[in-house]
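Following: one structure in structure tokens, then a few remarks.
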Amino acid sequence: MKEQLKEITDLTVNELLPQEIILPSEYFECFDKHAKLYEIQINDKSFEKEIDNLLVNELSNINDYIKIANKNIGDAASITLEAKEAIKENDSNALKKLYSQINQLQNELQNMTDSIYKDYLTKAFNKKWLYHKYLDEEAQFQEDTTLILIDIKDLEYIKNNYSKLISNNLLVYIYDFLNKELKKENIEFNICRYLNNKFIISIKSLNYEVSSNLIKNISSVLFATTLKSNSGIMIKPTYKYSIVAVKKEDSFHEVLASLLRDTKN
């Protein structure tokens, strides 16, 4: 149910996002429309029970995160005290042991951060990362950048007519391809899976013209690729992309609306 609700939410947001004003009644109507495609009746008692169970699970997950965070905080405090004592006593063996513990703690913290801020499927950054880490509290950009929107136009069609596994593999392939090609350029970039069928790429270290040429070259290879599933199904997805130069303190939602309009043209 949780994955279905995520997909319904993405479809709803995707449809309503270009609007400047979204009334609660419009969101409810649109959400209900997409829920029915999944044969979910949001006024049904069974749906209410599913939501209750989902909330219980989410609260349990939050509680687990808090427990892990408290443990890590306690471990960090303990290691700090031991390190101070080892430095004071010039105990190199103790420092080596503490160094190993620090590495282990660092890995645990990184795993925890990844579970919060990375997309479970593609391992790209997710919307939590975008709003909590990348943008400021007003959902504005914190630095000049070039922003690119990659829109997989027929992802829903592929999922419905072939399988969810194929559509998921397509998303993983697209992220891996973009990530690999951009890494070759030795540039500062981030890739975020913002909606189910949309990736947002930010490129910091290149100007707009160079970024535009780069994404044009990368996308021409990606868009020309025909993929073959393990079952032998050949698919050639359709994509669109749009690109814009962004200034510090620009509104993310205004920039995104502009990118969405461009991909519809």
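The values are calculated or read from the model by the stated rules, or taken from the named source; none is laboratory data. This one's a predicted model, so the numbers in the text were calculated from it and none came from an experiment. Cβ coordinates were reconstructed from backbone atoms using ideal geometry, including for glycine residues, and neighbour counts include every protein chain displayed. In case anyone asks, the SASA skips ligands and DNA or RNA and just uses the protein heavy atoms, side chains included. Shrake-Rupley method; radii C 1.70, N 1.55, O 1.52, S 1.80 Å.
Structural remarks
- Among 145-155, 227-237, the peptide with the highest mean count of other Cβ atoms within 10 Å heads the list, and the full ranking is 145-155, 227-237.
- Ligands, DNA and RNA left out, the accessible area of the range 127-262 computed with a 1.4 Å probe is 46% carbon and sulfur.
- ³J(HN,Hα) computed for each position of the range 205-215 - Karplus, 6.51 cos²θ - 1.76 cosθ + 1.60, integer Hz, glycine/proline x: 8, 10, 6, 4, 5, 5, 4, 4, 5, 5, 5
- Positive minus negative residues near LYS33 (Lys, Arg vs Asp, Glu; Cβ under 11 Å): -3
- Sequence-distant lysines (8 or more away, or on other chains) whose Cα lies within less than 21 Å of LYS84: LYS71, LYS96, LYS97
- For the range 212-257: lysine pairs under 24 Å (alpha-carbon distance), excluding those fewer than 8 apart on one chain: 6
- Protection proxy ranking, peptides 209-215, 100-106, 28-34, 193-199, average beta carbon neighbours within 10 Å, highest first: 193-199, 209-215, 28-34, 100-106
- Taking amide H as placed 1.01 Å from N in the peptide plane, ALA124 has its amide H under 5 Å from the amide H of ASP119, each at least 5 places away in sequence or on another chain.
- Straight-line cross-link reach from LYS33 at under 25 Å between alpha-carbon atoms covers these lysines, not counting any fewer than eight positions away in the same chain: LYS2, LYS6, LYS45, LYS49, LYS127, LYS153, LYS159, LYS164, LYS198, LYS264.
- Accessible surface, the range 115-185, averaged per residue in Å² (probe 1.4 Å): 51
- Proximal charge balance of ASP262 [Cβ under 11 Å; K/R count +1, D/E count -1]: +2
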